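To keep things clear, I will list the structure first and then write my remarks on it.
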Amino acid sequence: MQALQLFGDRDLRLTEVEPPPAPGPGEVQVRVRAVGLNFIDVWGFRGMAFAKRKLPLTVGAEAAGEIAAVGEGVEGLSVGDAVVPYGALTCGRCRACREGRDNLCEDVSGVMGFHLDGFSRERVNLPARLVVKVPAGVDPVQAACAGIAFGTVQHMLFDNARLEPGESILVHAGGSGIGTAAIKMAKAIGCTVYTTVGDDAKGEKARALGADHVINYREERFEGEVRRLTKRKGVDVVFEHVGPETWNGSLLCLKRGGRLVTCGSTSGVSVQMNLMQLFQQQYRITGSFGCRIANIRESLDKMAAGLTPVIDTVLPLADFAKGLERLESRKVFGKILVTL
Ligand SMILES: [Zn+2]
C-alpha cells in the first residue's frame, strides 16, 4: 500500500509499504480517507527534532477514515463506520488517561506523524479506544478537521479559557485553520469577536464568518485598536498561537483578570514579558497542546449541528508538500486537507 514518508529536511516521498496485519485484540483497522495539515507538520517538515525521530516517518497527525476491520473484543465499532482517530498514542492506563485528560498522559508514546508513523497511509491499526465515531450528517472529508484543528480550539476555548456566552475574545490569525474555527465557535455562543488578519481580503472573509471587529495587523497596531474598540477595558480572552510577534500586544489587550490561552508560536519560541504587569493585572495564562478525546466528540457534534470547518484547499496525497508550503506562506484561509 502507499504511504507518504519524510526522509529528511523537506524531503517527502510517496512510497510502497507493507500493509498492516489483521487488527489484534482491542484494535481496529482504519482505511484513511483524508488527512488535515497543521503547523506541527511544518515543524516536522523543516527538520525539527530529527535526532529524536526515526526516519523515514509516515507523516500526518490529523485524519478521518472508516473502519476496515475490527479486532477481538472491540465493541461499538463496525466495518464501514466513519471515524476520526486521536492524534497521539497514549497509554490508556495512567491516571490522566483514566480521567479523560488524554493530552496529559504520563506515558505517551508520541504524536502521530511527528514522533510516530502518522496517518498518511492507506491503512493503519489503532487501539479502538483512540477512535471516535463520526455522527450522521458530518462530511467524511471535513471530519478530518476534528482531530486537531477543532479539537484543539474546543479544548482551548472551553476547557482552558472557560469562555462564557457574551464575553469578548481576540482571535489571532483569523484566517488560519484554528483561527477560523475559533471565530465560529466563539460566535456560536454569542461572544464579541475581535480578530487579526494580514490582508483585507482575509478580513472580508473573517467578517463573513461572524467576526465583529477585524484588524489588519500590517496596517494598525492591533493592541491599540483593541483598546480603542473596548474603550480601554480590554477583552476577556485572547486566543494566541503566533508567539513573539504578538505576545506582549496580546497581554495589553487583556482586561484585568483576563485569560490568555496559547497553543502555538509560529513566529518563534522566546519572549520577554513584564512580570509586574502579569501579577498586577492578575492575568491567567494557559498553555494548551492538542485536546482530550472528548473534545473530538464535542467537535464532531458541533459539525453535525452545522458548525462546519472552513476549507482552504483539498489536495491529493502526492501534493502534501505543496500544502505545507501554502501553510507556511500564510496565504491560507481555513484548513488544508489531502485525500487518499
Ligand atoms: Zn496515559
Report task. For segment 3-12, enumerate the residues that are of a type outside the set (S, T, N, Q) and in contact (Cβ under 8 Å) with a residue 12 or more places away in the chain. Result -> ALA3, LEU4, LEU6, PHE7, GLY8, ASP9, ARG10, LEU12
Query raised in the report: Do we have any residue at all in segment 27-36 that's at pLDDT 95 or above, more than 16 Å from the ligand (Cβ to nearest atom), under 16 Å from CYS291 (Cα atoms) and out of contact with any Pro (no Cβ under 8 Å at 6 or more places or on another chain)?
Result: yes
Query raised in the report: Listed residues VAL242, VAL261, VAL226; which is surrounded by 15 or more Cβ atoms within 10 Å (Cβ to Cβ), over 30 Å from MET112 (Cα atoms), β-branched (Val, Ile, Thr) and not assigned by TED's automatic domain parsing to the domain that holds SER329?
Result: VAL226
Report task. Identify, from the list LEU14, LEU57, the residue that is out of contact with any Asp or Glu (no Cβ under 8 Å at 6 or more places or on another chain) and away from the ligand (no atom under 16 Å from the Cβ). Result -> LEU14
Report summary line: Per the filter on segment 78-93, residues away from the ligand (no atom under 16 Å from the Cβ) and either part of a loop (DSSP other than H, G, I, E, B) or not assigned by TED's automatic domain parsing to the domain that holds VAL32 (or both) are SER78, VAL79, GLY80, ASP81
Query raised in the report: Which of the residues belonging to segment 320-333 are crowded, with 17+ Cβ neighbours inside 10 Å and more than 18 Å from SER265 (Cα to Cα)?
Result: PHE320, ALA321, GLY323, PHE333
Query raised in the report: From VAL138, VAL74, VAL111, which residue is touching a residue at least 40 places away in the same chain (Cβ under 8 Å), assigned to a strand (DSSP E or B) and crowded, with 16+ Cβ neighbours inside 10 Å?
Result: VAL111
Query - Qualifying residue in segment 46-56 (condition: surrounded by fewer than 19 Cβ atoms within 10 Å (Cβ to Cβ), part of a helix (DSSP H, G or I) and either without any contact (Cβ under 8 Å) to a residue 12 or more places away in the chain or acidic (Asp, Glu) (or both)) - result: yes
Report task. Filter segment 107-141 down to the residues that are modelled with pLDDT of 95 or more and touching a helix residue (DSSP H, G or I) at 6+ places or on another chain (Cβ under 6 Å), then identify the one that is nearest to the ligand (Cβ to nearest atom). Result -> VAL132
Requested in this report: Could you grab me the full set of residues in segment 94-108 that are among the hydrophobic types (A, V, I, L, M, F, W, C) and either in a loop (DSSP other than H, G, I, E, B) or in contact (Cβ under 8 Å) with a residue 40 or more places away in the chain (or both)?
Outcome: CYS94, CYS105, VAL108
Query raised in the report: Of the residues that make up segment 81-90, is at least one farther than 24 Å from PHE289 by Cβ, surrounded by fewer than 18 Cβ atoms within 10 Å (Cβ to Cβ) and in contact with a strand residue (DSSP E or B) (Cβ under 6 Å, 6 or more places away or on another chain)?
Result: yes
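The values are calculated or read from the model by the stated rules, or taken from the named source; none is laboratory data. Just so it is clear, the structure is predicted and the values come from calculations on it, not from any experiment. Methodologically, a virtual Cβ is constructed for each residue, glycine included, from the backbone with ideal geometry; neighbour enumeration extends over all protein chains shown.
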